[in-house]
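Peer 1: Below you'll find the structure I mean.
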Amino acid sequence: MAIKIEMPKLSDTMEEGVIAKWNISEGDKVESGDVIAEVETDKATMEVEAFDPGTVLKILVDEGDAVPLGGIMAIVGEEGEDISDLLKEAESANGSGSASDDKEDDKSEKKEKKSSDKKEFDPILEDVDSKEDKKEKSGQADDDGRIKASPLARKMAEEKGIKLSDVDGSGPDGRIIKRDIESYEPSAAKEESVVQAPDFASEEDEEIKISQMRKAIARRLSESKFNNPHFYETIDIDMEKAIEARSALNEISDVKISFNDIVVKASAMALRKHPEINSSWLGDTIRKHGDVNVAVAVAIDEGLMTPVLNHTDKKTLQQISSETRELAGLARDRKLQPEQMEGSTFTISNLGMFGIEEFTAIINPPNACILAVGAIRDVPVVKDGQVVPGKRMKVTLSSDHRIVDGAKAAQFLNTLRTMMENPLAMML
C-alpha cells in the first residue's frame with residue numbers, strides 16, 4: 001500500500017518547510033530511518049527520515065519549494081502501484097502550482113505596464129518637445145517683442161542676429177537704444193546654462209525569494225516592536241581596565257577571550273542582581289526566571305540567529321568564550337538545533353566589530369530586554385582635571401515597559417558599568 005510522506009513539524013514555531021535538498025530520486029528504494037531530505041525551517045536546516053520501507057514512486061515538490069505542515073512531499077510504495085488517488089489528494093493539499101504561475105503573470109504584467117507607461121508618456125514628451133522647438137525658433141521675436149527697445153535698435157539687432165534679451169539697455173527704464181546694439185559684445189551674452197541629463201538605460205529589478213528564517217524574523221520582530229512597548233536607555237562605559245584585564249587573561253588562557261565574552265559575563269552577573277530584567281511577560285503574570293540564560297546574536301547570510309548560553313552567570317570567561325565560538329560556528333553552518341536557540345532570558349547584540357558606535361535593538365521575545373553593544377571609541381576624557389586619551393564604549397538597553405520601569409533599567413546598567421569598569425568585581 002502506497003504511503004504519503006508529509007511535511008513534519010520540526011520546530012515549535014514552524015508553519016511550513018522549504019525543501020533544501022532531496023537525497024532520493026524517483027525509483028529509489030528506501031528503508032525506515034533513511035534520511036530522504038533536508039528541510040529548511042524558520043530556525044535551522046533539519047533532516048527528514050523515512051518511516052516506512054518501499055520504492056519512491058513520486059516526488060511531488062522540487063528543491064526550493066515551500067510545503068505547509070502536513071503537505072505531501074513524496075509517495076512511497078510498491079513498484080508499479082496505482083497512486084492516482086494519492087496524486088489527486090496531494091494536488092488538493094499542496095495546490096496546483098498556480099501560485100508560481102501567478103508570480104510569473106505578475107512579473108509579465110509589471111513589464112507590460114512599464115512598457116505601456118513609456119508609450120503613453122512618449123507622445124506627450126514629444127509634443128512638449130515640439131512645442132519647445134517651435135518656441136525656440138519663433139521665441140526671439142516673441143521675447144524681444146516684450147523688451148523695451150527703440151525701433152532702430154530692434155532693426156539693428158534683427159540684422160545682426162542679436163537677441164534683445166541678451167542686451168543691457170542704457171536708455172530710460174532700461175530701454176535698448178542704438179549705442180547698446182553697437183557696443184554689444186557676443187562674449188558678454190547672458191547664455192542660459194542647460195545641463196542635458198544623460199539617457200540612462202533602465203535596469204531590471206530583482207526579486208529574492210524569502211527564506212523561512214527571514215519570514216520568522218520578520219514575523220517575530222514585528223510582533224515584538226508593535227506589541228511590546230519599547231523604551232531605551234544608554235550608558236557610556238570606561239573600557240580601559242577591561243582592555244587591560246583582557247590582555248592579561250589572554251596571556252595565560254588557552255582560549256582567547258573577546259570583549260563580547262566580557263560583556264556577556266558582566267551582563268549575566270548583573271542580571272543575577274536585578275531579576276526584574278531577567279523576566280518574561282506571560283499575559284496574566286510576569287515570570288522572574290531562576291536561571292540566567294543569555295542569547296548572543298550571530299549574523300549569518302540569511303539573517304540573525306540567537307544561540308543560548310545556559311547558566312551564563314555560573315560559567316567562567318573561558319567557558320563562555322569556548323561555547324560562544326562553538327555555537328556561532330554551528331549558526332553560520334545552519335547546524336544549530338532548535339533546543340540550542342530556546343530558553344533565553346536575555347539577549348546581547350554586538351555591532352562594535354562593524355564600527356557601529358551606538359544603536360537600539362528590538363527585544364527578542366519573550367525576553368524583557370536586549371542589550372545593544374557599540375564599538376570601543378578613542379575619545380578625550382577628563383581625569384584629575386586633565387584631558388587625556390580614553391577608551392569608551394556605549395551600550396543601550398531596550399526594555400519592555402510592561403515588565404521593566406526606567407529606574408530598574410538604569411540600576412541594571414549602572415551595575416553592568418561597575419562590572420565592566422572593575423573586572424575584578426566579576427571574580428567575587
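Peer 1: Criterion first (outside the structural domain of ALA375 (by TED's automatic domain parsing), exposed (fewer than 14 other Cβ atoms within 10 Å of the Cβ) and within 24 Å of the chain's Cα centre (by Cα)) does GLU206 satisfy it?
Peer 2: Criteria met by GLU206.
Peer 1: Any idea which residue in the stretch 350-368 is farthest from SER222 (Cα to Cα), counting only those that are in a loop (DSSP other than H, G, I, E, B) and among the small types (Gly, Ala, Ser)?
Peer 2: Result: GLY355.
Peer 1: Still on this model: Could you list, in sequence order, the residues of the stretch 297-312 that are modelled with pLDDT under 95 and farther than 17 Å from PRO365 by Cβ?
Peer 2: If the condition is that a residue be modelled with pLDDT under 95 and farther than 17 Å from PRO365 by Cβ, then VAL298, ALA299, ILE300, ASP301, GLU302 are the ones that fit.
Peer 1: On to the next question. Pick from the stretch 373-397 the residues that are touching a residue at least 40 places away in the same chain (Cβ under 8 Å), among the hydrophobic types (A, V, I, L, M, F, W, C) and touching a helix residue (DSSP H, G or I) at 6+ places or on another chain (Cβ under 6 Å): which of them is farthest from ALA409 (Cα to Cα)?
Peer 2: Per the criteria, the residue is VAL373.
Peer 1: Restrict the check to the stretch 73-92 and report whether at least one residue is under 33 Å from the mean Cα position of the chain (by Cα) and modelled with pLDDT of 85 or more.
Peer 2: yes
Peer 1: Here is a further query. In the stretch 333-371, what residues are in contact (Cβ under 8 Å) with a residue 60 or more places away in the chain and over 24 Å from THR13 (Cβ atoms)?
Peer 2: ASN350, GLY352, GLU358, THR360
Peer 1: May I ask you to list pairs of residues, at least six apart or on different chains, whose Cβ atoms are under 9 Å apart, with the first in the stretch 5-31 being closer than 13 Å to THR45 by Cβ and assigned by TED's automatic domain parsing to the domain that holds ASP65 and the second being small (Gly, Ala, Ser) and assigned to a loop (DSSP other than H, G, I, E, B)?
Peer 2: LEU10/ALA44; SER11/ALA44; GLY17/GLY71; VAL18/GLY64; VAL18/SER211; ILE19/GLY64; ALA20/GLY64
Peer 1: Please tell me if PRO365 is assigned by TED's automatic domain parsing to the domain that holds ILE403, more than 18 Å from ALA270 (Cβ to Cβ) and touching a Pro at 6+ places or on another chain (Cβ under 7 Å).
Peer 2: When the stated conditions are applied, PRO365 does not pass them.
Peer 1: Tell me yes or no: at least one residue of the stretch 281-296 is under 28 Å from ALA20 (Cα atoms) and at pLDDT 95 or above. Can you show your working first?
Peer 2: So in the stretch 281-296, the residues under 28 Å from ALA20 (Cα atoms) come out as 295-296.
Right, trim to at pLDDT 95 or above and you get 295-296.
The answer is yes, given that some residue of the stretch 281-296 is under 28 Å from ALA20 (Cα atoms) and at pLDDT 95 or above.
Peer 1: How many of the residues in the stretch 28-49 are at pLDDT below 85, of a type outside the set (Asp, Glu) and touching a strand residue (DSSP E or B) at 6+ places or on another chain (Cβ under 7 Å)?
Peer 2: Qualifying residue count, the stretch 28-49: 3.
Peer 1: Additional query: Give the stretch 154-180 a look and list any residue that's assigned to a helix (DSSP H, G or I) and within 60 Å of the chain's Cα centre (by Cα), or say none.
Peer 2: Residues satisfying the conditions are LEU164, SER165, ASP166.
Peer 1: Considering each of THR316, THR306, THR324 in turn, give the residue that is among the hydroxyl-bearing types (Ser, Thr, Tyr) and in contact with an Asp or Glu (Cβ under 8 Å, 6 or more places away or on another chain).
Peer 2: Testing whether each residue is among the hydroxyl-bearing types (Ser, Thr, Tyr) and in contact with an Asp or Glu (Cβ under 8 Å, 6 or more places away or on another chain) leaves just THR324.
Peer 1: Given the conditions (1) of a type outside the set (Gly, Ala, Ser); (2) surrounded by 14 or more Cβ atoms within 10 Å (Cβ to Cβ); (3) at positive phi, and given that GLN411 satisfies all but one, which numbered condition is not satisfied?
Peer 2: If we test GLN411 against (1) of a type outside the set (Gly, Ala, Ser); (2) surrounded by 14 or more Cβ atoms within 10 Å (Cβ to Cβ); (3) at positive phi, just (3) comes out false.
Peer 1: From LEU271, LEU304, LEU309, which residue is buried (at least 18 other Cβ atoms within 10 Å of the Cβ), within 19 Å of GLU342 (Cβ to Cβ), under 27 Å from the mean Cα position of the chain (by Cα) and assigned by TED's automatic domain parsing to the domain that holds GLU339?
Peer 2: After applying the criteria, what remains is LEU309.
Peer 1: Which fully enclosed helices (runs of 4 or more DSSP H) of the stretch 233-349 have 2 or more residues being under 30 Å from ILE210 (Cβ atoms)?
Peer 2: 317-332
Peer 1: GLU26: surrounded by fewer than 19 Cβ atoms within 10 Å (Cβ to Cβ), within 37 Å of the chain's Cα centre (by Cα) and at negative phi, yes or no?
Peer 2: When the stated conditions are applied, GLU26 does not pass them.
The values are calculated or read from the model by the stated rules, or taken from the named source; none is laboratory data. This one's a predicted model, so the numbers in the text were calculated from it and none came from an experiment. Note that we place each Cβ from the backbone using ideal geometry, even for glycine, and neighbour counts take in every protein chain shown.
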